[in-house]
Amino acid sequence: MPRTLVIMPNWIGDFALALSVVSRKAAIDGADSTLLVAPPLIPLCTLLCGFAVIPYKRKTKAEFRATLSAIKSGGFNTVYVLPPSFSSAWCAFRSNIPRRRGISRELRGRLLTDALPGSLRGTDQHLTYEYALVLETNYNPPEYWQGAAIDTPHRYADAIVLCPGSLYGPAKRWPWFKQLAQLLPGKKIVLLGGAGDKDTGESIEAPAAARIENLIGKTSLIDAAAIIAAARLVISNDSGLMHLAGFLGTPVVGIFGSTSPKWTRPLGKRVVCAKIKCDCSPCFKRTCTYGHYNCLKNLSADYVASAAENLLRGGRP
């Protein structure tokens, strides 16, 4: 059977979406795939799947040469290049794998043997559609994903997880999480996020510290995944933790500002995409061109709380 290498995305959200397609392809045709994964994501990858992994080290020339050596020793016939960057196509080219398939963007066309048109990377189709095309497998809409089971801590079984951050930028950071927490009385709430979200977490926690456990900046990705998998519900900006929740099968309310659910809706059926109509959205920018962030500010905490309560009651998304 041909051996394939898959160069995986570096962003947590894109990684989770890509892994869902790789997993489904392996289940359907038994593909013998190895994943090339950025070192920070390897523990999460190991938790979520059983694929063989090669660390994608490239901070120095010596690291990159070692990565190429590991790839060349794998006897791969095909490499699927999922990230849209030039560097990922360059890695595939330098690996000497005879068949290199990916989207032709960022001057990558000559580095790939199977160069798909750049126009296929469009925001009017879910990102997993693009990944399915590159990976040569049938496309399944994101709501068909059934979730992945991992071990979970029982103490978070009744919790609602709030994820108020986003590394992408302020155009993805909804400003009403503090008000939302107050609209969910009697609920155990856990806050998750990176160290850069510390101030936001403290402001959310302050009015109801007795029932809010603020773990922002205090967990590893592995710990965060276990908490999310155990939780009753996740309410999150369009971020890596939102997509991790979808991958794990936890019900999600995903909040969208400058981005579009058409392109990056969370995986799974128990999903609500909270987004309002705004003339300048989606713009896919990190910061608001006009400085008003209306796509986020005009999405009320009452609406998100209502969507959350509906999911908790088992209502239709």
Worksheet item: Pairs under 8 Å by beta carbon, first residue more than 18 Å from M8 (Cβ to Cβ) in segment 108-136, partner small (G, A, S) and open to solvent by 40 Å² or more (accessible area, probe 1.4 Å), six or more apart or different chains?
Response: G109/A115; A115/S104; P117/S104; G118/S104
Worksheet item: Restricting attention to segment 276-303, and to residues there that are open to solvent by less than 40 Å² (accessible area, probe 1.4 Å) and not in a loop (DSSP other than H, G, I, E, B), which single residue is nearest to I235 (Cα to Cα)?
Response: A301
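Is one or more of the residues making up segment 226-238 over 17 Å from the mean Cα position of the chain (by Cα) and open to solvent by less than 30 Å² (accessible area, probe 1.4 Å)? First the steps, then the outcome.
At the first step, the residues of segment 226-238 found to be over 17 Å from the mean Cα position of the chain (by Cα) are 230-232.
From what is left, the residues that are open to solvent by less than 30 Å² (accessible area, probe 1.4 Å) are 230-231.
Checking segment 226-238: at least one residue is over 17 Å from the mean Cα position of the chain (by Cα) and open to solvent by less than 30 Å² (accessible area, probe 1.4 Å).
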Fill in: Set L180, L135, L116, L112: member being closer than 27 Å to N298 by Cα and not polar (S, T, N, Q)
L180
Worksheet item: If you check V81 against the conditions, is it touching a residue at least 12 places away in the same chain (Cβ under 8 Å), open to solvent by 30 Å² or more (accessible area, probe 1.4 Å), of a type in the set (A, V, I, L, M) and under 17 Å from V22 (Cβ atoms)?
Response: no
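Any residue at all in segment 214-221 that's at pLDDT 95 or above, within 21 Å of C45 (Cα to Cα) and surrounded by fewer than 15 Cβ atoms within 10 Å (Cβ to Cβ)?
First pass over segment 214-221, keeping only residues at pLDDT 95 or above: 214-221.
Imposing the further condition that a residue be within 21 Å of C45 (Cα to Cα) reduces the set to 217-221.
With the extra rule that they be surrounded by fewer than 15 Cβ atoms within 10 Å (Cβ to Cβ), the set shrinks to 220.
Yes, because at least one residue in segment 214-221 is at pLDDT 95 or above, within 21 Å of C45 (Cα to Cα) and surrounded by fewer than 15 Cβ atoms within 10 Å (Cβ to Cβ).
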Worksheet, complete the sentence: Counting only residues in segment 22-74 that are at pLDDT 95 or above and part of a strand (DSSP E or B), the one surrounded by the most Cβ atoms within 10 Å (Cβ to Cβ) is identified as L36
Worksheet entry | Among the candidates A229, A210, A195, A224, residue that is among the small types (G, A, S) and more than 22 Å from N10 (Cα to Cα) | A210
Fill in: A206, sole failed condition from (1) open to solvent by less than 10 Å² (accessible area, probe 1.4 Å); (2) aliphatic (A, V, I, L, M); (3) in a helix (DSSP H, G or I)
(1)
Item to complete: Report the residue count in segment 256-275 for those that are touching a Gly at 6+ places or on another chain (Cβ under 6 Å) and open to solvent by 50 Å² or more (accessible area, probe 1.4 Å).
Response: 0
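State yes or no: is A89 over 30 Å from S300 (Cβ atoms), surrounded by 17 or more Cβ atoms within 10 Å (Cβ to Cβ) and touching an Asp or Glu at 6+ places or on another chain (Cβ under 9 Å)?
Values: over 30 Å from S300 (Cβ atoms): yes; surrounded by 17 or more Cβ atoms within 10 Å (Cβ to Cβ): yes; touching an Asp or Glu at 6+ places or on another chain (Cβ under 9 Å): yes.
Answer is yes for this residue.
May I ask you to list the residues in segment 214-224 that are in contact (Cβ under 8 Å) with a residue 40 or more places away in the chain and not in a loop (DSSP other than H, G, I, E, B)?
Taking segment 214-224 first, the residues in contact (Cβ under 8 Å) with a residue 40 or more places away in the chain are 216, 220-222.
Once the filter is applied, which keeps residues that are in contact (Cβ under 8 Å) with a residue 40 or more places away in the chain and not in a loop (DSSP other than H, G, I, E, B), segment 214-224 yields L221, I222.
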Item to complete: Note down all Cβ pairs under 6 Å where the first residue falls in segment 225-243 and is closer than 18 Å to C273 by Cα, the second is small (G, A, S) and at pLDDT below 95, and they're at least six residues apart or on different chains.
Response: N237/S166; S239/S166
Item to complete: Could you please give the count of residues in segment 164-202 that are over 18 Å from the mean Cα position of the chain (by Cα) and assigned to a loop (DSSP other than H, G, I, E, B)?
Response: 8
Worksheet item: Looking at A132, A149, A159, which one is modelled with pLDDT of 95 or more and either farther than 20 Å from I255 by Cα or surrounded by fewer than 17 Cβ atoms within 10 Å (Cβ to Cβ) (or both)?
Response: A132
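The values are calculated or read from the model by the stated rules, or taken from the named source; none is laboratory data. Because the structure is predicted, anything quoted here is derived from the model rather than measured. Ideal geometry is used to build each Cβ from the backbone, glycine not excepted, and the neighbour counts take in all protein chains shown. What goes into the accessible areas is simple: the full protein's heavy atoms, side chains included, and nothing from ligands, DNA or RNA. Shrake-Rupley method; radii C 1.70, N 1.55, O 1.52, S 1.80 Å.
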